[in-house]
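All remarks here apply to the structure that follows.
The values are calculated or read from the model by the stated rules, or taken from the named source; none is laboratory data. All of these numbers come straight from a predicted model, not from anything done at the bench. Note that each Cβ is placed from the backbone with ideal geometry, even for glycine, and that neighbours are counted across all protein chains shown.
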Amino acid sequence: MKPTTVLRDLLARREAAILPGAPNAMFARVIERQGFGAIYVTGAGIANMHLGAPDIGLTTVTEVADIVARIADATEMPLLVDADTGFGNALNTVRTVRLLERAGAAGLQLEDQVFPKRCGHFAGKDVIPEADMVAKIRAAVDARKDGDLQIVARTDARAIHGLDAALDRARAYIEAGADVTFVEAPTSEEEMARIAAELLVPQIANIVHGGKTPEVGRERLAEMGFGGVLYANAILQASIRAASDVARSLADHGDLSGVSGRLAGFEERQDVVDKGRWDDLEARYRVTDGESDNDA
């Protein structure tokens, strides 16, 4: 099946499928090797990894599209892509959908924050008028070429106007054509249960280590009926810790004493980046003695 159809069916089962986040192609390959059903291309991770900057709306749509294309080249897994606010108004959203769909997205997450947006677990964020977000959702639905491309409408209204207002917005986004909705940053298990029970389409939960939403576990989220669960930057956070430990060892001791167990072995690293396949291709296309590309 097409990646778009695979993602649609995965979320429609409402079994709380875990979508780990990847900010680059190598992390996507690590995730693929563990047998997950889909990957979340994290906007915060792209800002952190590629710009060394926080998630405050600094990335551009062309930067994101370039990274999505690289990840799509490296894995066959469906990609749910964080498209932030659509990078502008409804017309910008049209271009965003077309760019990211061509780049290899199987689903796009659009949010109703004021631009420049902030991480959903940061303070100080605000949301645009509901009607403006409805227009963006309609534009996204109209712009997609593949009807199975999942349009995921996220609302950040919970932190500003409360849960009831966020649920009302999610209903309006469903009416506008969103395939999936995502109420960001609920603060209790009870709120999470309401989200899954009261909205008709599959729901996304976002679990941020150290964030506002409690981690209740996949089994409980499946009981509630969530379609997907994002661990958007858990792998990135782990890599930061490991990288800091290794850098500290080099600075303090001049070697890797005490941290060698934090490193992938040389062969493991080559395996993750599929060196064997590239070796096979090199052998297939190698020009041997006596061969010539001159037919004359």
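Would you check if GLU219 is over 27 Å from LYS136 (Cα atoms), in a loop (DSSP other than H, G, I, E, B) and acidic (Asp, Glu)?
Numbers: over 27 Å from LYS136 (Cα atoms): yes; in a loop (DSSP other than H, G, I, E, B): no; acidic (Asp, Glu): yes.
Answer is no for this residue.
Could you tell me how many of the residues in segment 222-231 are part of a loop (DSSP other than H, G, I, E, B) and either among the aromatic types (Phe, Trp, Tyr) or at pLDDT below 95 (or both)?
From segment 222-231, those part of a loop (DSSP other than H, G, I, E, B) are 225-227; that's our starting set.
From what's left, either among the aromatic types (Phe, Trp, Tyr) or at pLDDT below 95 (or both): 226.
Qualifying residue count, segment 222-231: 1.
Could you grab me the full set of residues in segment 166-214 that are in a helix (DSSP H, G or I), under 19 Å from GLN113 (Cα atoms) and of a type in the set (Gly, Ala, Ser)?
Within segment 166-214, ALA166, ALA170, ALA172 meet the criteria.
Would you mind telling me which numbered condition in (1) surrounded by 15 or more Cβ atoms within 10 Å (Cβ to Cβ); (2) within 23 Å of ALA232 (Cα to Cα); (3) not basic (Lys, Arg) VAL141 fails?
(2)
Of the numbered conditions (1) surrounded by fewer than 17 Cβ atoms within 10 Å (Cβ to Cβ); (2) more than 21 Å from THR42 (Cβ to Cβ), ALA222 fails exactly one; give the number of that condition.
(1)
If we only count helices (runs of 4 or more DSSP H) wholly inside segment 23-109, which ones have 3 or more residues that are more than 23 Å from ASP148 (Cβ to Cβ)? First the steps, then the outcome.
Values: elements: 25-32, 43-46, 61-74, 90-103.
Result: 25-32, 43-46, 61-74.
Search segment 251-275 for residues that are in contact (Cβ under 8 Å) with a residue 60 or more places away in the chain and on the phi > 0 side of the Ramachandran plot and pair each with any residue that is assigned to a helix (DSSP H, G or I) and not aromatic (Phe, Trp, Tyr) when their beta-carbon atoms are under 9 Å apart and the residues are at least 6 apart or on different chains.
Short answer, once both residue conditions are applied: ASP274/ARG29; ASP274/ALA74.
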